[in-house]
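The values are calculated or read from the model by the stated rules, or taken from the named source; none is laboratory data. The shown structure was predicted, so the numbers you read here are calculated from the model rather than taken from an experiment. Using ideal geometry, Cβ is built from the backbone for each residue, glycine included, and neighbour counts are taken over all protein chains shown. Just the protein is used for accessible areas: all its heavy atoms, side chains included, with ligands, DNA and RNA removed. Shrake-Rupley method; radii C 1.70, N 1.55, O 1.52, S 1.80 Å.
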Amino acid sequence: VSNAGGQVGDILVLTKPIGVGIIATAAKRDVDHMNAIGEAIESMCKLNRGAAEAMQAVGVNAATDVTGFGLLGHLRNVTAASKCSARIDAARVPVFEAARTYAHEDVVPGGTHSNHDFLRDWVTWPKDMALAEQLILADAQTSGGLLISVSPAKVTALQTALREQDCLCAEVVGELIEGEPGQMLVV
């Protein structure tokens, strides 16, 4: 499955929460007061094999892993390659609670800031969205999950297959929409 097959109308499904980069930075700086590094390590150790098997069994249009470029950086690559745009519902994106806390405490890795800077020309943010919340969506992940583009008719089957594979989540986080390739709208 490549990142170039997404279709307008496809639903975007994420298989792991995001925020491990922020949590790892908190641990490195010795400010992990929520003791979240263990949860982040468990997530990073969870292989994407089950998610890959689930998406191949169901038949999806496009997919990418979510790693160093963060959720939106990798989605930008999907939308550019698939010649469409995307809408992301920030409230539906699964985030480790500690990552949200640490982002609001300005404990954020340099790579995440770089990702956010890169996204400046590609993302339309809500006017009232805090910088910390934007940074979470750009957080550089280590061994993140898969972001899968699937037709609406197959979403339920994909979510069921992901749960059967014991994936950490199977959350609908947005959709592919008509628009300039690579552009993303966060709502």
Starting from the range 71-95, keep only residues that are on the phi > 0 side of the Ramachandran plot, then list their pairs with residues that are of a type outside the set (A, V, I, L, M) and open to solvent by 20 Å² or more (accessible area, probe 1.4 Å) whose Cβ atoms are within a distance under 7 Å, requiring at least 6 positions of separation or different chains. Lys83/Pro181
Among the residues of the range 57-77, write down those that are open to solvent by 30 Å² or more (accessible area, probe 1.4 Å), within 13 Å of Gly21 (Cβ to Cβ) and of a type outside the set (Ser, Thr, Tyr). Gly68, Phe69
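Which of the residues that make up the range 28-40 are closer than 24 Å to Ile148 by Cβ and either among the aromatic types (Phe, Trp, Tyr) or open to solvent by 40 Å² or more (accessible area, probe 1.4 Å) (or both)? Break it down stepwise before answering.
From the range 28-40, those closer than 24 Å to Ile148 by Cβ are 39-40; that's our starting set.
Correct list: Glu39 only.
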Members of the range 79-92 found to be under 12 Å from the mean Cα position of the chain (by Cα) and either of a type in the set (Asp, Glu) or buried (at least 23 other Cβ atoms within 10 Å of the Cβ) (or both), listed by number: Asp89
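In the list Thr15, Thr25, which residue meets the criterion of being crowded, with 24+ Cβ neighbours inside 10 Å and of a type outside the set (A, V, I, L, M)?
Details: Thr25 fails: crowded, with 24+ Cβ neighbours inside 10 Å.
Answer to the check: Thr15.
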